[in-house]
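The values are calculated or read from the model by the stated rules, or taken from the named source; none is laboratory data. Just so it is clear, the model here is predicted, and its values are computed rather than measured. Cβ atoms come from the backbone with ideal geometry, glycine included; neighbour counts cover every protein chain shown.
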């Protein structure tokens, strides 16, 4: 038995498995059985480690992947915001969201819709969660149960992300509540499909404009002063705004320009609210 161990160790030594600063074993060295076995195992482990971590090896790539996952701070540097990472929206996700929204609007439970459409409750649940690619016949049954055309279930799916581009001075002039008191609104962009709506405006108050503090609507609003000077009211507090000043507030509270100090005045107004 010991001769067999010594023979295998000599073969491993001749193959020069040993790496690093350790001295290569002498195949003719007269080793005790226990020491020979320990050295043989040591050299085999060293050689295996060297092979596994060689550039391009599977183990090396896995190690690199683990290291990248362990650096969340590095991933945080890819954006300047605290927004979550982009989730790729599939066709199944888009259809599921439509089925869910229209079911809720119709006041139906999952089981009620499933019964009306002649499909299982589990099937409807999986479709709404984007977990299954339903057949056209199944989708047509759901659309019929919801009293809507099949094309409506596909309406929100877009292969591209939306983008709105407006050249200087070419924003759309629109009418708002402040228009009657001399506030001019120029829409600077348009938000696309999604759960959040965004309305960016360039607002101009020229001579003859009047204060108005009864604006009130859902969402958040950000105001960035460009020119002029104003005392802007939000709730029971007033804020003195000059060029470069910024005000972010809950727009469900009454707000608006209280005192027009320097005219003409322009400011950027961005309103964000949930789509219904």
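Miscellaneous remarks
- Residue 267 fulfils the conditions (1) in a strand (DSSP E or B); (2) over 30 Å from the mean Cα position of the chain (by Cα); (3) closer than 16 Å to residue 182 by Cα except for a single criterion, (2).
- Of all residues assigned to region 229-249, none qualifies as being assigned to a strand (DSSP E or B) and at positive phi.
- Residues that are part of a strand (DSSP E or B) and more than 31 Å from the chain's Cα centre (by Cα) within region 192-224 comprise 204, 205, 215, listed in sequence order.
- Test result for residue 158, under 24 Å from the mean Cα position of the chain (by Cα) and either at pLDDT 85 or above or within 24 Å of residue 273 (Cα to Cα) (or both): yes
- Residue match in region 109-116 (condition: touching a residue at least 40 places away in the same chain (Cβ under 8 Å), assigned to a helix (DSSP H, G or I) and farther than 13 Å from residue 154 by Cα): no
- Test result for residue 240, within 20 Å of residue 177 (Cα to Cα) and either more than 26 Å from the chain's Cα centre (by Cα) or without any contact (Cβ under 8 Å) to a residue 24 or more places away in the chain (or both): no
- Qualifying residue in region 196-207 (condition: over 26 Å from residue 262 (Cβ atoms), at pLDDT 85 or above, surrounded by fewer than 14 Cβ atoms within 10 Å (Cβ to Cβ) and out of contact with any helix residue (DSSP H, G or I) (no Cβ under 7 Å at 6 or more places or on another chain)): no
- Single condition residue 189 does not satisfy, out of (1) assigned to a loop (DSSP other than H, G, I, E, B); (2) more than 30 Å from residue 93 (Cα to Cα): (2)
- Residue check: residue 252 meets all listed conditions (1) in a loop (DSSP other than H, G, I, E, B); (2) modelled with pLDDT under 95 but one, namely (2).
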